[in-house]
1. Which condition number does Ser195 fail, the rest of (1) surrounded by 14 or more Cβ atoms within 10 Å (Cβ to Cβ); (2) out of contact with any helix residue (DSSP H, G or I) (no Cβ under 6 Å at 6 or more places or on another chain) being met?
2. Met1 fails exactly one of the following numbered conditions: (1) over 18 Å from the mean Cα position of the chain (by Cα); (2) at pLDDT 95 or above. What is the number of that condition?
3. Would you say Gly123 is small (Gly, Ala, Ser), outside any strand (DSSP E or B) and modelled with pLDDT under 60?
4. Considering only residues that are in a helix (DSSP H, G or I) and more than 18 Å from Leu120 (Cα to Cα), which ones fall in the stretch 51-70?
5. Name the residues in the stretch 228-244 that are within 9 Å of Tyr176 (Cα to Cα) and aliphatic (A, V, I, L, M), would you?
6. Return a yes/no flag: does the stretch 144-154 have any residue that is aliphatic (A, V, I, L, M), in contact (Cβ under 8 Å) with a residue 60 or more places away in the chain and closer than 28 Å to Lys258 by Cα.
7. Based on this model, can you work out whether Ala234 counts as in contact with a helix residue (DSSP H, G or I) (Cβ under 7 Å, 6 or more places away or on another chain) and surrounded by 13 or more Cβ atoms within 10 Å (Cβ to Cβ)?
8. Say we look at the stretch 34-61 and pick out the residues that are surrounded by 15 or more Cβ atoms within 10 Å (Cβ to Cβ), touching a helix residue (DSSP H, G or I) at 6+ places or on another chain (Cβ under 7 Å) and basic (Lys, Arg); which of these is nearest to Arg312 (Cα to Cα)?
Amino acid sequence: MAVRTGFLRIPAIWLVALGLIALFQTQQPAFAQTRIELVVNDEPITNYAIDQRAKLVRLTGGGGRNPRSEAQEQLIEETLQMQEAKRNGVRVPDAQVNSAFADIAQRVKLSPSNFEKALLQNGVNPQTLKDRLRTQIAWAQVVRSRYSSSRSLTEQDLIATLREKGSEAAKDITEYQLDRVIVVVPKNASGGEASRAQAKARQLRSRFTSCADGLSLARELQGVVVKSVGRRLANELPDEMQATIEETSVGRLTPPEKSDEGYVMIAVCAKETVRSTEAAIQEVQQEIAGEEGELFSRQYLRNLRKDAVIERR
């Protein structure tokens, strides 16, 4: 049985929000001439990027006595991680990064825009945090894919662990009936065409009040494609989609997300609570894979660093 890995869950990185208690102590950013300070496999890292990251490290309570050194190490590792993500064809949509950013803002009881202002007041460009989040998300996808293809749990592993859990093996979980609604944006579309497609998606979403009528309406619209997803348990959905689908009422569409196909929305046509051992199986897979997956991630990064050409200027 294939592993559904859960050892790199992005919400862990959002815990940086816990260190933002001193967020509103206004600081004025210092401006200096930008120069290249590090080069990782021919990719430059500037002193500005390091200074910005050091401020973020200091703000979140990390780095000890030398946050700048910690910032350099983070940026070296993240450059290697993003290079590997690109080699593996991993692309993180801006919407996913913005969602992670908004989650941190919510944890400190701020709107995303006010959170950005608070970061700026402390001399940190919000893009600095967003870049870190993007790397964390991309790296999680790379490691999950590589780890899953190299390791599978035996049926005996699962049976043994499920027996230990006994009655806990069956759990209540939400099951959804879903359809994908895509407002297509051609690959060579102009900015204007993309904007019109986005507006069309938003208009369709506002008119969509039931799957019976809404899906029929969508199929009649030019440039709109409907694809059946079928029945899915909550834990079978991608991590980044679970909360959005859970918050969407039956008979409505999720907010449009930009993808390579166009603007994608998910129609939530039914949801019900079911008793299932599948959730327990998924949980067991994640428990068993968790420790091994973390070790795999660290070894993966060590190998990348060992093979890298890193120049300090």
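1. (1)
2. (2)
3. no
4. Pro67, Arg68, Ser69, Glu70
5. Leu233, Ala234
6. Within the stretch 144-154, none of the residues are aliphatic (A, V, I, L, M), in contact (Cβ under 8 Å) with a residue 60 or more places away in the chain and closer than 28 Å to Lys258 by Cα.
7. Against the criterion (in contact with a helix residue (DSSP H, G or I) (Cβ under 7 Å, 6 or more places away or on another chain) and surrounded by 13 or more Cβ atoms within 10 Å (Cβ to Cβ)), Ala234 qualifies.
8. The qualifying residue nearest to Arg312 (Cα to Cα) is Arg53.
The values are calculated or read from the model by the stated rules, or taken from the named source; none is laboratory data. Just so it is clear, the model here is predicted, and its values are computed rather than measured. Note that each Cβ is placed from the backbone with ideal geometry, even for glycine, and that neighbours are counted across all protein chains shown.
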